[in-house]
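This report concerns only the one structure given below.
FYI, it's all coordinate maths here, none of it is from the lab. Keep in mind that this is a model prediction, so the values were computed, not measured. In this analysis, Cβ positions are derived from the backbone assuming ideal geometry, glycine residues included, and neighbour counts consider all displayed protein chains.
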C-alpha cells in the first residue's frame, strides 16, 4: 500500500473476504493497515451491487444484510455512479475485455487516484492505467 492514496476494493476482493476464500487474510491485513494509517476505503456502487446480488443468490437475505452491515462497520465510502462515470466505464468496456462492472471499478480508481484492490485476472489488461494491489 502506498502513502495516503485511497484503496478502492472491487467485489472480487470483498467477496473473498466475506466468504473466507483462500487469500482473504491479505484483504484483512490491507483493511487493518488502512485503519492504522487513516487510508480511505472505497467501493463503487455498481460493485457493491455485485456483492449484494452474489451474496443473496448464494447465501440468502440474512447473509446479504450481514455483509452490508459489515461494509458499513468497516467505514467504506460508497462512490456514486454519475453519468460521466458511466460513459468512462463504457469506453473502457469498448477497449478492454473486461466485465462492465469491472470497468466501473477501473473508472472510479482512475477518477479518484485510488489503488485498486482485486484478485480478478481481468485487471491485468489495465495495469498500465492504475496501481493495483493483488489479493
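If I take every Cα pair under 8 Å that is 6 or more residues apart in the stretch 1-65, average their sequence separation and divide by the length, what percent do I get for the relative contact order? Write down the numbers at each step before the final one.
Numbers: 49 pairs, mean separation 25.1, N = 65.
Here the relative contact order equals 39 percent.
At 222 nm, what value in deg cm²/dmol follows for the chain if DSSP H runs of at least 4 each add -39500 (n - 2.57) and the sum is divided by all its residues, to the nearest 500?
Working: 6 runs with 76 residues, N = 135.
Only helices count here, giving -17500 deg cm²/dmol.
Most mobile of 108, 95, 54 per a Gaussian network model of the chain (Cα springs, under 10 Å)?
Result for the chain, Cα springs under 10 Å: 95 fluctuates most.
Could you tell me, in Å, what Rg and Dmax come out for the Cα atoms of the chain?
Calculated on Cα positions, Rg and Dmax stand at 14.0, 39 Å.
Relative contact order of the chain: what whole-number percent is it, with Cα pairs under 8 angstrom and at least 6 residues apart? All intermediate terms of the calculation are to be shown ahead of the outcome.
Details: 184 pairs, mean separation 44.0, N = 135.
Across the chain, relative contact order equals 33 percent.
Could you tell me whether the stretch 44-121 comes out rounded, prolate or oblate from its Cα gyration tensor? Rule is a ≥ b ≥ c as square roots of the eigenvalues, rounded for a/c under 1.5, then prolate if a/b exceeds b/c, otherwise oblate. Can you show the working numbers first?
Working: a/c = 2.14, a/b = 1.65, b/c = 1.30.
Because a/c hits 1.5 or more and a/b exceeds b/c, the stretch 44-121 counts as prolate.
Shape call for the stretch 10-55 from the C-alpha gyration tensor, a ≥ b ≥ c root eigenvalues: rounded (a/c under 1.5), prolate (a/b greater than b/c) or oblate? Each step should come with its number before you reach the end.
Working: a/c = 3.42, a/b = 1.32, b/c = 2.59.
Oblate, because a/c is 1.5 or more while a/b does not exceed b/c.
Determine, for 110, 117, the number of other Cβ atoms within 10 Å of each Cβ, and report the residues in order from fewest to most.
Values: 110 17, 117 29.
Final ranking by Cβ density, sparse to dense: 110, 117.
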